[in-house]
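The values are calculated or read from the model by the stated rules, or taken from the named source; none is laboratory data. None of the values given here were measured: they were computed from a predicted structure. Note that we place each Cβ from the backbone using ideal geometry, even for glycine, and neighbour counts take in every protein chain shown.
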Amino acid sequence: MTAPTRPLPTPALHLDAVTCRFGTETMRFDLSVAPGEWLAIIGPSGAGKSTLLDLVAGFLSPDEGRILIDGIDRTGDAPAQRPLSLVFQDNNLFPHLDVFRNVALGITARRRLSDGERARVEAALDAVGLPGFGHRRPGTLSGGERQRVALARAVLRERPLLLLDEPFAALGPALRADMLELLTRLKAARSGGAPHGDDRSAKRSAPPMTIVLVTHNPEDARRHADRVAFLDAGRIAVTGPAAMLDAPEDAALRSYLGR
Ligand SMILES: Nc1ncnc2c1ncn2[C@@H]1O[C@H](COP(=O)(O)OP(=O)(O)O)[C@@H](O)[C@H]1O
Ligand SMILES: [Mg+2]
C-alpha cells in the first residue's frame, strides 16, 4: 500500500500565513494546492472566499505573508504578471467587443492576429461548444454562453492556475452541470489525460491545469473537486478530500451543510 517515496512536487499554489486586515477583522490563510489538483472552496457568504482569490490574483495585497505560484514568490507581482487566469461569476466580457476578440484577448491585445493565433481562438471556441459564435456580441448571448466564452478565453491563456469565483452561480442546475463537465474535459485535455498522480515523468506540452473553484454548491465540490477547503470567518477551517463532505466531522462544516 505504501507509495514509493519521492520528493513532493512544488505546490502549484502556496499561501504562507497570508494575512489581510479589514478594520477589526483579520483573515489569515495557509494553503497548498498540488499541481494538477482541483480544489473547491466552500463556505458561508462573507467567509472570505473572494478575498482569498483576490489575494492570489493580486487584486488585493496581503498585510503579511507570502503567495507562491509554482514555487516563485508572487506576493509583490501585479495581477497581469501572475501566471493565472480568473473567471468571475459575471462581467467577464467586454460588451463592445465581439466573442472572437473577447477570447483573443486571452493571448494578445493586438488587433491583428497571426493565422496561428486565429486558429487557436477558433479551437478554443470549438472546445467550449461555440463554433461560429465569433462575430456575436456578448449582449446577444445567454448567460451560459457568456460564461463559456469566458472559460474559452481563460483556457486559451494556458496559464497553469485557473481561479474561478462562483463562475456558474447565475446558471440553472442543468447548465451548471454542463459547464462543470466542460471544465472537467478541458482540464483532462490539458493534463494529457492523466490526472495528477501516477506518471509524473510523462512529458507534457503545457503544465497540468490546477483549478481553484469557489462554489456555494457543496454537491459541485463533492462531484468534481479532488479536495475541498471550508472557509469560515476568514480562515480555512477544514481541508480534506471531497468525500469528507459525506460525513463531515467539523461542527461548523456540518452546520454549514445543514446536517
Ligand atoms: N475591500 C474590503 N474592505 C473592507 N472589507 C472587506 C473588503 N473586502 C472584503 N472585506 C470583508 O471581507 C468579508 C468577506 O468578503 P468576501 O471575501 O467577499 O466573502 P465571500 O466571497 O466568502 O462571500 C466581507 O464581509 C467584508 O467584511
Ligand atoms: Mg464571494
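A compact table of results
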read-out	value
Failed condition for Gly116, given (1) surrounded by 18 or more Cβ atoms within 10 Å (Cβ to Cβ); (2) assigned to a helix (DSSP H, G or I)	(1)
So Ala225, is it within 13 Å of Glu37 (Cα to Cα) and modelled with pLDDT of 95 or more	yes
Of all residues in the range 148-178 being of a type in the set (Asp, Glu) and modelled with pLDDT under 90, the one that is farthest from ligand 1 (Cβ to nearest atom)	Glu158
Residue within the range 48-64 that is without any contact (Cβ under 8 Å) to a residue 12 or more places away in the chain and touching a strand residue (DSSP E or B) at 6+ places or on another chain (Cβ under 6 Å) present	no
